[in-house]
Structures are given as structure tokens and as C-alpha cells.
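The values are calculated or read from the model by the stated rules, or taken from the named source; none is laboratory data. None of the values given here were measured: they were computed from a predicted structure. Note that we place each Cβ from the backbone using ideal geometry, even for glycine, and neighbour counts take in every protein chain shown. When the accessible area is computed, the model is the full protein with side chains, heavy atoms only, and any ligands, DNA or RNA have been set aside. Shrake-Rupley method; radii C 1.70, N 1.55, O 1.52, S 1.80 Å.
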Amino acid sequence: MKDILKAPFVREMMDTTANMYRLGWDERNGGNISYLLDEKEVAEYLDVNKVIREIPTGFVAKSLVGKIFIVTGTGKYFKNVEKDPETNLGIIRIKEDATTAQLLWGYKDGGRFTSELPAHLMSHMARLKVDPENRVVMHSHPTYTLAMNYVHELDEKKFTHTLWEMCTECIVVFPDGIGVLPWMLCGTNSIGEATAKKMEEFRLVVWGMHGIYGAGKTMDEAFGLIETVEKAAQIYMLTAHLPRVNTIKEEEMVSLAELFKVNYRKDFLDMFNNK
Ligand code: 2HA
Ligand code: ZN
């Protein structure tokens, strides 16, 4: 059996949580990540038939039965994952009953997965339908994105449009735009269901006045999406109170999207939609 602490998927969780913490996006126990793993790869590091304990999830995830995820722990700090991955992370498999998580590794102090597991697993289910290669769901509290939530309308089209104007690469990185939810009670199945519904359409979902979700095939894709939104939100917050002299025009966004051959939300541009 290989050393699990050297497994690429554990290293990625350690590196990513450390990065996010140092970027100031994940104070205290803020943020959580879930990563769908390949069973064959996991079996190189763990006896996948050995269940340490079972933890009820409180919701049904039929299409995820048998699937294995590495997930950050509830109440755990991103700051500490790198120092002690076995306490702050866990590897779970969804049991045949679709509502129990079997712990295969981690949560060493008797802990459990993030309180946002409903939003994570429901988002995985939604994204897998759109993109069978989706593996990562990431939640975070990036500072400028959050600041922008207080001064900008929480409207999907307007929020996306403003961010597309803030950095040239935005329309290329997230041509599918950003879904926006109003403030909702976190840690519940209802915010999970609402997030998953948005994830059918978007890889990015803002939780009003709370944070953001990103989803992707790889850790880099999910992280890169949130990182690009955060950069654009930073430019917005540094300039929102100043007179706007220049802006990236819609025609310019269209030429970028065409050059990079991305399928962008035409209905989010006024030139195609004069409502
Ligand atoms: O896990 O970020 O949304 C802490 C949170 C809850
Ligand atoms: Zn949060």
C-alpha cells in the first residue's frame, strides 16, 4: 500500500487549502472543498473495503452511490489542513442506501464532513449531468467578491456583465456567467438544492453576502474560476467609487469570445438583448 499522505489528491487538497487561506479567502473554518476520486487510484493507498465508521448525510444522492470523495471537515480551518491532513480531511464513499457516508480515511479526531455537504454533493450531481468529467466543487469567502455583494445588485446578468468588464480574460474564463442566489441559510438541504439548480447552468454560483461556489474538472479549473472572479471583483471595488473613464465594450467582449471560441451567454449582453 502506498503512503496516502503522498497521494496526489491529498497533496492537491493540502496545497489548495493553504493557497486559499493565504489569499485571505478562508478565515477560521470558512470554505470547503469536495473532490470526486477515482476508486482504482484510491485503492493504491487504502483498503477500500475497510469502513472506519458510517455518517448519515441527511439527504439522498442516488446517482453518487459508490462514489468516493475527499472532503474538508466541518469546523476545521483551511489554515491547518497542510499540517494535519488526516484530522482536517476525510475520504468518504456514498453507501448503497444513497444517504450514508462511509468513512474510509481521515476525520481522525471523530469529526465529520463539512456542514455544506448537501450543496457539494447536490452540485456534483448537477455538474456531472452537464459534464461527466466534473470532479471538484469548491466554496470560499473571497474578500472582494463578498464586498461587491454589498454594493452591486445581486442579479445574474448585471453581476456577470460588470465582472466581464473588469478584466479582459473574464468572458473567456467564465463565458457561462455567474449564477446568483440571495442570502439563504447555509448548511441546509434547501441551499444545497438551490445551488445545484444553478449548477445545471453555471460553474460559478454566488451565495449572496456569504461567498461563492466554483466547480470544475480539476482543482485548477475550480480554483482558477474563483480566482478570476475575485480579481475582477477587486478591480471593481478599487474603481466603483471613481468616475469611470474607460471600459471594455461589449463588441470587444464578443471579439474575445469569438477568438477563443467560447460559448458565451449572449443574453447577458445588452447588444443582443435590449431589455
Ligand atoms: O464551512 O464556509 O458556509 C464553513 C462555511 C459555511
Ligand atoms: Zn461559507
Identity of the residue in segment 190-210, within 14 Å of ligand 1 (Cβ to nearest atom) and over 19 Å from Val60 (Cα atoms), that ends up surrounded by the fewest Cβ atoms within 10 Å (Cβ to Cβ): Met209
Residue, nearest to ligand 2 (Cβ to nearest atom), within segment 39-77, restricted to residues that are among the hydrophobic types (A, V, I, L, M, F, W, C) and assigned to a loop (DSSP other than H, G, I, E, B): Phe59
Matching residues, segment 208-262, being among the aromatic types (Phe, Trp, Tyr), over 14 Å from Ile178 (Cβ atoms) and not in a helix (DSSP H, G or I): Phe260
Positions within segment 72-89 being away from ligand 1 (no atom under 13 Å from the Cβ) and open to solvent by less than 50 Å² (accessible area, probe 1.4 Å), in sequence order: Asn80, Pro85, Thr87, Leu89
Residue match in segment 78-92 (condition: touching a Gly at 6+ places or on another chain (Cβ under 9 Å), part of a strand (DSSP E or B), under 17 Å from Leu46 (Cβ atoms) and touching a residue at least 40 places away in the same chain (Cβ under 8 Å)): yes
Any hit, segment 159-182, residues being among the small types (Gly, Ala, Ser) and within 12 Å of ligand 2 (Cβ to nearest atom): no
Which listed residue is in contact (Cβ under 8 Å) with a residue 60 or more places away in the chain and closer than 21 Å to Ser34 by Cβ, from Ile171, Ile70: Ile70
Unmet requirement for Met148, which otherwise passes all of (1) surrounded by 15 or more Cβ atoms within 10 Å (Cβ to Cβ); (2) under 24 Å from Met219 (Cα atoms): (2)
Residue match in segment 117-129 (condition: crowded, with 20+ Cβ neighbours inside 10 Å, within 16 Å of ligand 2 (Cβ to nearest atom) and not in a helix (DSSP H, G or I)): no
Filter result for Thr228 (surrounded by fewer than 19 Cβ atoms within 10 Å (Cβ to Cβ) and closer than 30 Å to His124 by Cα): no
Members of segment 17-35 found to be of a type outside the set (Gly, Ala, Ser), within 24 Å of Ala101 (Cα to Cα) and surrounded by fewer than 23 Cβ atoms within 10 Å (Cβ to Cβ), listed by number: Asn29
Only listed residue being within 17 Å of Tyr35 (Cα to Cα) and open to solvent by 40 Å² or more (accessible area, probe 1.4 Å), chosen from Arg135, Arg93: Arg135
Every residue from segment 109-128 that is touching a helix residue (DSSP H, G or I) at 6+ places or on another chain (Cβ under 8 Å) and more than 18 Å from Asn32 (Cβ to Cβ): Leu128
Residues satisfying the stated conditions in segment 184-207, i.e. over 15 Å from Glu116 (Cα atoms), part of a loop (DSSP other than H, G, I, E, B) and out of contact with any Asp or Glu (no Cβ under 8 Å at 6 or more places or on another chain): Glu200
